Amino acid sequence: MRRIVTITIALLAALLVAAVAWAQAPSPEEVVKAYYAALSEAAATGDFSAILDLFADDATVTVAALSPQPITGKTMMQTMFAGMSKMLKGVTITVDEISAEGDQVTVRYRMASPEVEGEIHATDTFVVKEGKIQSLAIEIAPEDLSKLAGFTLPVTGAASGVNLLPALLVAAGAGLAALGWRLR
């Protein structure tokens, strides 16, 4: 009888551990891949709700080279994404590297657009906690910033006259997943 109780307790403990593991949030890298997949879909449909669902309510998006002020919160992000939907058309992305360490995922890529001469080199750095993007920092290669001079973004709360990197580098890749996810 004692042996049956011990086995039953062990089985219940194993089931509890399995249930907790199953219910855990996706890994940071999975969230970032979902971001680019949702971005690709949004480029095609104009519906950015799936992207916004991946961000924490108070998340920030920063492009330091273009503005010292980050975009903070889903309302401002929604405005940003809505204003850039046309800019996403025709963008191609080549991913050079994806690396994940703890809560941080870094994506290095090259973007080409019919609107820009040559490629734009950029790095997106995400911080993901509990299955939500807490922050996204977009860094554009300094030598490529001049290629973006003519682009502006609709009102986002950033200081007027600031080019918010053609829509956050066409939203960090309009498709990085749009889908070349060409990893090397």
Looking at the range 2-25, can you tell me whether even one residue there is of a type in the set (A, V, I, L, M) and either modelled with pLDDT of 70 or more or touching a strand residue (DSSP E or B) at 6+ places or on another chain (Cβ under 6 Å) (or both)?
yes
Counting only residues in the range 107-141 that are among the polar types (S, T, N, Q) and under 22 Å from THR92 (Cβ atoms), the one surrounded by the most Cβ atoms within 10 Å (Cβ to Cβ) is identified as SER113
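Might you let me know whether the range 94-103 holds any residue that is among the hydrophobic types (A, V, I, L, M, F, W, C), buried (at least 20 other Cβ atoms within 10 Å of the Cβ) and within 16 Å of the chain's Cα centre (by Cα)?
Applying the first criterion (among the hydrophobic types (A, V, I, L, M, F, W, C)) to the range 94-103 yields 95, 98, 100.
Those still in the list that are buried (at least 20 other Cβ atoms within 10 Å of the Cβ) too: none.
So far as the range 94-103 goes, no, none of its residues is among the hydrophobic types (A, V, I, L, M, F, W, C), buried (at least 20 other Cβ atoms within 10 Å of the Cβ) and within 16 Å of the chain's Cα centre (by Cα).
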Looking only at the range 105-131, how many residues end up being in a strand (DSSP E or B) and closer than 20 Å to ALA65 by Cβ?
15
Output for the range 89-110, where each listed residue is modelled with pLDDT under 90 and of a type in the set (Gly, Ala, Ser):
GLY90
When every residue in the range 30-88 that is at pLDDT below 80 and in a loop (DSSP other than H, G, I, E, B) is compared, the one surrounded by the most Cβ atoms within 10 Å (Cβ to Cβ) is LEU66
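The values are calculated or read from the model by the stated rules, or taken from the named source; none is laboratory data. In this text, all values refer to a predicted model and were calculated from it rather than measured experimentally. Positions of Cβ are generated from backbone atoms using ideal geometry, with glycine treated the same way; all protein chains shown enter the neighbour counts.
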